[in-house]
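Worksheet: one structure, shown below.
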Amino acid sequence: MYTCVAEALLKTGCVGLSPDAPYTLTSGKTSPVYVDARKILSYPDVRAMVMASLTEKARNLIAHHHINVIAGGETAGIPYAAILADRLNLPMIYIRKKPKDFGRGRQIEGELPPKARVLLVEDLMSFGSSKKVFLDALAQAGASVPALAVVFSYNLFDWGSALAPHPVPDMASVVTWQDVYDFTKNHRSLFSREATFLETLLAHPEDFIK
């Protein structure tokens, strides 16, 4: 039984550390750390832990911001949004990265009520650039996005500027690299290499993620 989400993600390989062969992120930047939030869905016990925390955090955001729609971003945010909307008994939509080039050419799928207040749900937040696409589409449709809920947030850089000119949403995350580091630090007998590297990364992320 896992004691925390950080432990679960480490032991199932949903987070990866590769200092010698950096990963390429969606943004095009290279990084020695990587998060595969899609893999979480394949482990029912890990998924349950993540969704319990995400639901609690989303419930607080929804109450505070009077949110009435859950939105998932294509593609990794969609399953989390669907589970969350079902648990909270709220309408759900999902947003494509670009309008489809057939049928009705929609970018937003589902029923979006007038002047909707949307909670955008995503798998992770790194630099924020991919979120702007979804915010653009929702704003064009007349909706506001006062809050964002993610499974994993890098919490290493200021991402607000990437969303301009949209207001920066109130964000909640289930786990961060700081949480992963705290777990490895407390279990150095098993994760000495990971703890040492993450300590350096957190102190100087700009030296590693470029």
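If I filter the stretch 170-199 down to residues being surrounded by 15 or more Cβ atoms within 10 Å (Cβ to Cβ) and of a type in the set (D, E, K, R), which single residue comes out as nearest to Leu148 (Cα to Cα)? For the stretch 170-199, the residue satisfying everything is Asp170.
Of all residues in the stretch 137-158, those that are among the aromatic types (Phe, Trp, Tyr) and either under 26 Å from Pro114 (Cα atoms) or surrounded by 20 or more Cβ atoms within 10 Å (Cβ to Cβ) (or both) total 2. Candidates are the residues of the stretch 124-136 that are in a helix (DSSP H, G or I) and buried (at least 21 other Cβ atoms within 10 Å of the Cβ); the one that is modelled with the lowest pLDDT is Lys131.
Name the single residue, out of those in the stretch 50-76 being out of contact with any Pro (no Cβ under 9 Å at 6 or more places or on another chain) and more than 28 Å from Met1 (Cβ to Cβ), that is surrounded by the fewest Cβ atoms within 10 Å (Cβ to Cβ). Checking each candidate, the answer is Ala63. Within the bounds of the stretch 141-160, is there any residue that is touching a residue at least 24 places away in the same chain (Cβ under 8 Å), assigned to a helix (DSSP H, G or I), closer than 27 Å to Thr3 by Cβ and not charged (D, E, K, R)? Scanning the stretch 141-160 turns up no residue that is touching a residue at least 24 places away in the same chain (Cβ under 8 Å), assigned to a helix (DSSP H, G or I), closer than 27 Å to Thr3 by Cβ and not charged (D, E, K, R). So the check is Cβ under 8 Å with 6+ separation or different chains; which pairs have a first residue in the stretch 57-78 that's part of a helix (DSSP H, G or I) and modelled with pLDDT of 95 or more and a second one that's surrounded by 18 or more Cβ atoms within 10 Å (Cβ to Cβ) and among the β-branched types (Val, Ile, Thr)? So the pair list comes out as Lys57/Val174; Ala58/Ile70; Ala58/Val121; Leu61/Ile67; Gly77/Val121.
Which residues, taken from the stretch 1-32, are within 23 Å of Ile78 (Cα to Cα), in contact (Cβ under 8 Å) with a residue 12 or more places away in the chain and in contact with a strand residue (DSSP E or B) (Cβ under 8 Å, 6 or more places away or on another chain)? If the condition is that a residue be within 23 Å of Ile78 (Cα to Cα), in contact (Cβ under 8 Å) with a residue 12 or more places away in the chain and in contact with a strand residue (DSSP E or B) (Cβ under 8 Å, 6 or more places away or on another chain), then Val5, Ala6, Leu9, Cys14, Val15, Gly16, Leu25 are the ones that fit. Among what's in the stretch 110-123 and is of a type in the set (A, V, I, L, M) and part of a loop (DSSP other than H, G, I, E, B), pick the residue that is modelled with the lowest pLDDT. Only one residue fits best here, namely Leu112. Just one of (1) over 13 Å from the mean Cα position of the chain (by Cα); (2) surrounded by 15 or more Cβ atoms within 10 Å (Cβ to Cβ) fails for Pro113. It is (2).
Residue under question is Ala195, and the condition is that it be in contact with a Lys or Arg (Cβ under 7 Å, 6 or more places away or on another chain), of a type outside the set (Phe, Trp, Tyr), at pLDDT below 95 and in a helix (DSSP H, G or I); does it hold? For Ala195, the condition - in contact with a Lys or Arg (Cβ under 7 Å, 6 or more places away or on another chain), of a type outside the set (Phe, Trp, Tyr), at pLDDT below 95 and in a helix (DSSP H, G or I) - is not met.
If we scan the stretch 34-44, do we find a residue that is in contact with a helix residue (DSSP H, G or I) (Cβ under 7 Å, 6 or more places away or on another chain), not charged (D, E, K, R) and not in a helix (DSSP H, G or I)? Within the stretch 34-44 (the criterion being in contact with a helix residue (DSSP H, G or I) (Cβ under 7 Å, 6 or more places away or on another chain), not charged (D, E, K, R) and not in a helix (DSSP H, G or I)), the answer is yes, since at least one residue qualifies.
The values are calculated or read from the model by the stated rules, or taken from the named source; none is laboratory data. Note that the structure is predicted; figures quoted are calculated from it, not measured. Heads up, the Cβs are rebuilt from the backbone with ideal geometry, glycines too, and the neighbour counts pull from every protein chain shown.
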